[in-house]
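Worksheet: one structure, shown below.
The values are calculated or read from the model by the stated rules, or taken from the named source; none is laboratory data. What you see is a predicted model, and the numbers here were worked out from it, not measured in a lab. When we count neighbours, we look across all protein chains shown, and the Cβ atoms used for this are built from the backbone with ideal geometry, even at glycine.
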Amino acid sequence: MPQPRGLKTWSALMGSKKRPSEYEIVTYGLHYRARNPKAPYELDADVMMNQWYRRYVVDSPLKHDDWNRFRDPDQVTYRSYVTMQDGAEEYVDGLLREHAARGHDTQLSSSWVGSLARLFTPQRYLHATLQMDCAYALQMAPASTITNCLAFQEADAVRWLSRVAYRTRELAGAHPGAGFGEAERHIWEDDPAWQGFRELMERLLIAYDWAENLVGLNVVAARSLEEACGRQLANAARRNGDTLTSMLLEAQLRDAERSRRWTTAFVRLALENPRNAAVMQAWTESWAAYADKAVDAYCAALPGVLGPATEAKTAVRRFRAEVGLG
């Protein structure tokens, strides 16, 4: 009697009619909480965790027939991420060693040192809020392919938090008494330059709908802080003879390019449902009001840069237009 033919591939991926890639094997369809929408966490349907998930994921106004169709354009896996970022970390380590050997920090002007203490080293609080928001979004996202992207974006935030902390200690050694390692919390909480971004990120941390959180973070907030606290600060650093800070920020922006690519793919998938356009547009405009105010406040404190706020906001609007939410 002939034996039935066994599956030659993963059954969940049979519809593609081709051998699944490594990315699909280790990323696709991994969420157990997708089995039962009434009790995603396999406990009583009325426990708080299940009520929360139903309210902010299942009942989200952003709808799609199959979120599992999302794919990361870069197809990043844990293995490829570690390999890629190992090289990136080697590059950053090289920058730090080379500039330390040249006595870079001791050659900075006192006025620019004050700007670094005000506008750069407090960024570890900003990266901490990015990490926390990514952690929430990845716990709530309805597809493991989306969770995967958020996990690596969270890792990027932790990487740069640690790098800013390292630079804080180096600058403290080169400029004792300038407040490095001592004043950052006060600056983050009270300095006018930071209050827009602090409000933006704290509001995001209580935006519980998974899709609004993701749109607010990746379409608006992350792009705004990259342009203001990254690109425009790098421009100011170059004008003030600080090649190390400018090169570190430019390296950070390379991580942002990967985030922008998968965000674009996510928005385009969501827009396959015509009803989602109005929902995402409303969210984008709501969060942009906070982000624009944050960019204005931060960029007003940047020395030696012409029109940084206008340039930063224009870049963010260009990205929004490219993904279809302009």
query: Scanning for something crowded, with 21+ Cβ neighbours inside 10 Å and of a type in the set (S, T, N, Q), does region 186-196 turn up at least one residue?
result: no
query: Among Val113, Val76, which is assigned by TED's automatic domain parsing to the domain that holds Val215 and not in a helix (DSSP H, G or I)?
result: Val76
- request: Return the residue satisfying two criteria in turn: it lies in region 290-326 and is hydrophobic (A, V, I, L, M, F, W, C) and assigned to a loop (DSSP other than H, G, I, E, B), and of such residues it is surrounded by the fewest Cβ atoms within 10 Å (Cβ to Cβ).
  value: Leu306
field: Qualifying residue in region 91-111 (condition: modelled with pLDDT of 95 or more and under 22 Å from Ser224 (Cα atoms))
entry: no
statement: Scanning region 47-73 for residues that are in a helix (DSSP H, G or I) and within 22 Å of the chain's Cα centre (by Cα), the one farthest from Asn36 (Cα to Cα) turns out to be Arg69
query: In this structure, does Leu302 turn out to be assigned by TED's automatic domain parsing to the domain that holds Trp194, at pLDDT 95 or above and touching a Lys or Arg at 6+ places or on another chain (Cβ under 8 Å)?
result: no
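Residue under question is Thr145, and the condition is that it be modelled with pLDDT of 95 or more, assigned to a helix (DSSP H, G or I) and over 22 Å from the mean Cα position of the chain (by Cα); does it hold?
Considered against the rule, which asks whether it is modelled with pLDDT of 95 or more, assigned to a helix (DSSP H, G or I) and over 22 Å from the mean Cα position of the chain (by Cα), Thr145 comes out as no.
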message: Criterion first (surrounded by 15 or more Cβ atoms within 10 Å (Cβ to Cβ) and part of a helix (DSSP H, G or I)) does Thr121 satisfy it?
response: no
Complete set of residues in region 254-289 that are surrounded by fewer than 18 Cβ atoms within 10 Å (Cβ to Cβ) and either acidic (Asp, Glu) or over 25 Å from Trp210 (Cα atoms) (or both): Arg254, Glu257, Glu272, Glu285
